[in-house]
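Heads up, the thing below is written out as structure tokens.
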Amino acid sequence: MTLMYYIYGDMMPVKTTILLKDEIYEELVKKYGRRKISKTINEVLTKQFSTPKKSMFGIDPWLTVTGLRDEKEPHESP
């Protein structure tokens, strides 16, 4: 498996050995194939360890930018 980490903004691959249970390995091979196991594990670990970005709407996470319009002021002509 190749783990990736950042050094000064560059991604450097690091090779390491991990021990997987047989059933986990077989499931990964069935679902993603032998060639994509490292990529899949990297994606899972990235999701697990990355901190979620804070919403630009503060404490109201249910607010989104969908449906927002750039409306003109009443005194502006169309």
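Run the simple label-point estimate for TYR25 and ARG69 please: 7 Å along Cα→C-beta, distance reported in nm.
6.0
For the peptides 19-25, 33-39, 65-71, what is the packing order when you average, over each peptide's residues, the other Cβ atoms within 10 Å and list the highest mean first?
So the peptides 19-25, 33-39, 65-71, ranked by packing, come out 33-39, 19-25, 65-71.
Given 0.36 nm per residue, what is the gain on full extension from THR16 to THR46 after removing their alpha carbon distance, in nm?
Separation in residues times 0.36 nm, less the Cα-Cα distance, equals 9.2 nm.
Read-outs throughout are calculated quantities, based only on the coordinates presented, and are distinct from any laboratory measurement. Please read these numbers as outputs of a predicted model, since none were measured by experiment. Don't worry about glycine lacking a Cβ; one is built from the backbone with ideal geometry, like all the others, and counts go over all protein chains shown.
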